[in-house]
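Rule-based calculations on the coordinates, nothing more; no lab input. Predicted model only: the values in this text are computed from it and were never measured. Note that we place each Cβ from the backbone using ideal geometry, even for glycine, and neighbour counts take in every protein chain shown.
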Amino acid sequence: MKRPDFMILVCNSYRVAGDAQGFCNKQGASSFVQYISEECSDRGLDVVVTTTACLSVCSQGPVMVIQPNNYWYGGVDKDKIDEILDALEEGKAVEEYLIA
Ligand code: FES
């Protein structure tokens, strides 16, 4: 099995019971997964995109994390995702959107 170059985790606020109910989900994070997947495919980035439970930084949501870079981004929307992926293509972070 070939491991992807990057894993992008998108908080979708899943709770223990399996419901997506928290802040990031209410801000539209569920729509980001397909968007990020398509954008990465268009850019030729080798990425797996997945969703997560609450990452415990709700006040800075919606939150996405890029590994193995350990880039934690907050307040993301589709325009910011475009900028973030542009930077990722160059091996950089968008410093102004980093929360950790
Ligand atoms: S719901 Fe996304 S960080 Fe808590």
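Quick notes
- Cβ-Cβ FRET estimate between Val33 and Glu95, R0 fixed at 30 Å, reported to 0.05: 0.80
- Efficiency of FRET from Cβ geometry, Asp77 and Ser41, R₀ 25 Å, rounded to 0.05: 0.80
- Antiparallel bridges, percent of DSSP beta bridges restricted to the chain (to nearest 5): 55 percent
- Lysine pairs within the chain, Cα separation less than 22 Å, 8 or more sequence positions apart or different chains: 4
- Using a 4.7 Å Cβ-Cβ cutoff, the cysteines of the chain lacking any partner cysteine are Cys40, Cys54, Cys58.
- Compactness index (Cα Rg / 2.2 N^0.38 Å), the chain: 1.01
- Theoretical FRET efficiency, 1/(1+(r/R0)^6), r = Cβ-Cβ of Arg15 and Asn70, R0 25 Å, to 0.05: 0.50
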